[in-house]
Amino acid sequence: MKKREKVKKIDNVIFFPGMEKRLTDKGLESLQNKKYTEAIRLLEEAKELDQDNDDVLIGLVLAYFEAGNFQKAKVLAKELLHKGIGDYFQLVDLYVTVLIQLHEYQEIVSTIEALLEEKEIPPERLEHFLTLLQFSRKMAENKSLDLRSEEPEEDTDPDSLNLLSLTSLNEQMLAISRLSDKNIRPYVPEIEDYLKAEIGHPFLKTILLTLLKEQEVDKNIKMVKFSEEITINPTGIADVRHQPKMISIKELLENRLESSNPVLFASISEMVERIFFTSYPFELEPETPAAWAAGFQYLAQEYMGINSEINELSKDYDVSPVEITLAIQEIEEIEKISYPNL
């Protein structure tokens, strides 16, 4: 005879067997459908019933993050890291992403330095973390300088950014970082000059464009990346984290790999986001998301020392080998400049 599940009782409220799973499934479904407020409510209820469920806890961090509740996402992600819940390095990436939104760069530095001391970072992830560490150190130093020299704001014309006259990417990054808490509109003409200049770094151009979008700068702007030019209005483009093609690619990869190989899936997801951050908001060729999903899988497996055949991936993703090869070439070209060498 099957053993009956016990009825749970919390604060005099009775929860019947299977309630945790129903709440979890519905919460994760709401998260997938971008109903973040509903997802948070359901997953918080599920968490009350099961404090150690990986799916519930990580889903809740993601829901907090997507809903813009970065402080709650930070607290919960840090708690999961200390408890060792979920894939450790995937969770570190999520935690660092939350900290970037909160501009807590010193905490990022402390987190990554601790990882380096433990000497447990996988070789294929080392460059990624070193780049983040270098970037966060510079941002933390700049924030510290700003706090020490902070004076009451006056209604005077802003200092020029001089982005195109600065000789190093490090200097450009520091200048851009000072805009994060300012009204960006007085600097729009200079930002436009940088966005349409061939010498501007694609990574820094994305940061500037996201600042324009966040502050709802409503005007047509020319932008050049990879020797191509487009005219865009920051208010009319998708958020950098919600680019339609990127989402389609990640969904294809998720359906194929998340259950069978979650480590590979996490590694590829990180690469997808990095490439699409650098190329934003340009449409990449080939057009087919399946070709890109196959290309990302091919390269990620190569980086991890796993043999991969383009013809096999062509069958798996139902897309031509030629399109996959084109996607691979595009990824490799963009990967060379994904992060500026600060």
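Details
- Distances between every pair of Cα atoms in the chain, grouped in 20 Å steps from 0 to the bin holding the largest one, split as 26, 56, 17, 1, 0 percent.
- If R0 is 35 Å, the Cβ-Cβ spacing of residue 101 and residue 320 corresponds to a FRET efficiency of close to 0.35.
- Rolling a 1.4 Å probe over the protein heavy atoms gives the stretch 216-319 an accessible area of 48 Å² per residue.
- In plain terms, the C-alpha convex hull of the stretch 37-134 casts an average shadow of 6.1 nm² when viewed from every direction.
- Charge tally for residue 323 (other residues, Cβ to Cβ under 10 Å; Lys, Arg +1; Asp, Glu -1): -2.
- Size descriptors for the stretch 78-122, from the alpha-carbon set: Rg then Dmax equal 10.3, 27 Å.
- Tally of Lys pairs whose C-alpha atoms are under 24 Å apart, taken over the stretch 183-311, 8 or more apart or cross-chain: 19
- Distance between the pseudo-spin-label points of residue 66 and residue 233 (7 Å out from Cα toward the beta carbon): 2.8 nm.
- Test item: Cα-centred dipole of the chain, Lys/Arg +1 and Asp/Glu -1 on Cβ, debye: 1280
- Normalised alpha carbon radius of gyration of the stretch 178-227 [divisor 2.2 N^0.38 Å]: 1.06
- A simple spin-label model places pseudo-atoms 7 Å from Cα toward Cβ; at residue 337 and residue 193 they are separated by 2.1 nm.
- Span from the the stretch 40-110 Cα centroid across to the the stretch 272-331 one, whole angstrom: 29
- Carbon/sulfur fraction of accessible area - the chain, other protein chains in place, 1.4 Å, %: 48
- Peptides 160-171, 104-115 ranked from most to least packed give 104-115, 160-171, packing being the mean of other C-beta atoms within 10 angstrom over each peptide's residues.
- Environment charge of residue 198, counting only residues whose C-beta is closer than 13 Å and scoring Lys/Arg +1, Asp/Glu -1: +1
- Helices assigned as whole DSSP H runs in the chain whose Cα atoms extend at least 27 Å along their own long axis and whose mean Kyte-Doolittle hydropathy is -1.0 or higher are found at 123-148.
- All Cα-Cα distances of the stretch 235-342, cut into 10 Å bins from zero to the largest, leave 15, 50, 30, 5, 0 percent in each bin in turn.
- Net lengthening on full extension, residue 130/residue 82 (0.36 nm per residue, minus Cα-Cα): 15.1 nm
- Charged neighbours of residue 222, selected by a Cβ distance under 15 Å, balance to -2 (K, R count +1; D, E count -1).
- Projecting the Cα atoms of 237, 204, 110 onto the dipole axis of the chain, where Lys and Arg carry +1 and Asp and Glu carry -1 at the beta carbon, places 110 farthest toward the positive end.
- Kirkwood Rh and Cα Rg combined as Rg over Rh, evaluated for the stretch 165-205: 0.93
- Span per principal axis, largest first, for the Cα atoms of the stretch 154-302 (Å): 59, 29, 28
The values are calculated or read from the model by the stated rules, or taken from the named source; none is laboratory data. From a predicted model like this one, the values you see are computed outputs, not experimental measurements. Cβ atoms come from the backbone with ideal geometry, glycine included; neighbour counts cover every protein chain shown. Surface areas here come from the heavy atoms of the whole protein model, side chains and all, with no ligands, DNA or RNA. Shrake-Rupley method; radii C 1.70, N 1.55, O 1.52, S 1.80 Å.
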